[in-house]
Each structure stands twice: as C-alpha cells, then as structure tokens.
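Throughout, read-outs are computed from the coordinates displayed, never taken from laboratory work. These numbers were taken from a predicted model, which means no experiment stands behind them. A quick note on method: Cβ atoms are made from the backbone with ideal geometry, for glycine too, and the neighbour counts reach across all protein chains shown.
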Amino acid sequence: MSVSGSCLCGQINLTISSEPMMAGVCHCKNCQKQTGSAFSTLAGFPLSDIDFGDSELSMYEDSATESGSVVKRFFCGKCGSPIYSQVPAQPDTAYLKTGILDDTSSFKPMFNLWCDSKQDWVTLDETIPAIGKQA
Ligand SMILES: [Zn+2]
Ligand SMILES: [Zn+2]
C-alpha cells in the first residue's frame, strides 16, 4: 500500500512506499512560525521511500534552532506548503508534515516534542510522552 500527498497548489506530488517509522507532534517555535500554526504533525519516513516525481522543492536552512542543529525545511516555492524537514543527525530520514497527505486517518502521534514552547490553549494527550525539549 502506498500513501500519496501533495502541496496546496499541486506543484509538489509525492507517493510513499513504506509505513512511517515514527509519528509525533512538534511544538517548537520554529515549527509554529513555519506552519503559521500551533504545531507540526510529523511522520518520519526513509527519504529513499518517498517518490517526488518531477516536483520542485524549495529549501530553507533553518539555523536559528534551539537545538543548535541546522534543520533543512523543504517547502513548495509556489504556494508555501511545508513538505518535510531533515535534521543533520538523520540525513536519510524525511520528517514529513502530515497535513499534506491525502489521507490522514492513520496518523497517530507517539509523542509531543518541545512541549516547553507549546501554545497555552493546546491540551496534550496525556497517554503519550510529552518531551520538554528535544527527543
Ligand atoms: Zn504548492
Ligand atoms: Zn519543531
């Protein structure tokens, strides 16, 4: 079974041939800024299992991170949809923004990350680990 997704304008299309290795929610300030929202919903896939076809991804090197590592944030240069992030410690993993998937029904977060900077109104699921800073 493969999973499909796209950005808002459809310039970026992808299919994924594997199941996510992990899924979580990131409440870091940088994810809030990039998404213009309260948090990122992320699923980690082997980068090699994602087929972007002839999609043209834009990339921003985010060096103003609390962790100090440079996060590569890939997005659509036309409509601005965030697509995935890549961290230097795991260059073979794509942390996909799961809102771009056509079917999000299987998304089940395993943890909340960077909870120290979560927005006040957000209530965390207490049945999964809440990590203050990094994993
Ligand atoms: Zn787009
Ligand atoms: Zn984040």
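Taking 22 Å as R0, compute the FRET efficiency from the Cβ-Cβ separation of ASP51 and GLN119 and round it to 0.05.
Computed FRET efficiency for ASP51 and GLN119 comes out at 0.05.
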Study note, to complete from the structure: Distance in nm between LYS33 and ASP102 label points, each 7 Å along Cα→Cβ, equals 3.5 nm
Exercise for review: Sort out the exposed loop trypsin sites (Lys or Arg not before Pro) in the chain (DSSP loop, at most 15 other Cβ within 10 Å) and tell me the longest stretch that has none.
Suggested key: 1-77
Check your understanding: Among GLN11, SER85, CYS28, whose Cα sits farthest toward the positive end of the charge dipole of region 4-100 (+1 at Cβ of Lys/Arg, -1 at Cβ of Asp/Glu, about the Cα centre)?
Key -> CYS28
Check your understanding: Given 0.36 nm per residue, what is the gain on full extension from SER69 to GLN11 after removing their alpha carbon distance, in nm?
Key -> 18.0 nm
Practice item. For region 59-72, take each phi angle, set θ = phi - 60°, evaluate the Karplus expression 6.51 cos²θ - 1.76 cosθ + 1.60, and give the result in whole Hz per residue in order, putting x for glycine and proline. Key: 9, 10, 8, 8, 9, 8, 9, 5, 6, x, 8, 8, 9, 8
Point to revise | Proximal lysines to LYS108, defined as alpha-carbon separation beneath 20 angstrom and excluding residues fewer than eight positions away on the same chain | key: LYS97, LYS118
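Rank by packing, highest mean first: peptides 49-59, 11-21, with packing defined as the count of other Cβ atoms within 10 Å averaged across residues.
Going by the mean number of other Cβ atoms within 10 Å, highest first, we get 11-21, 49-59.
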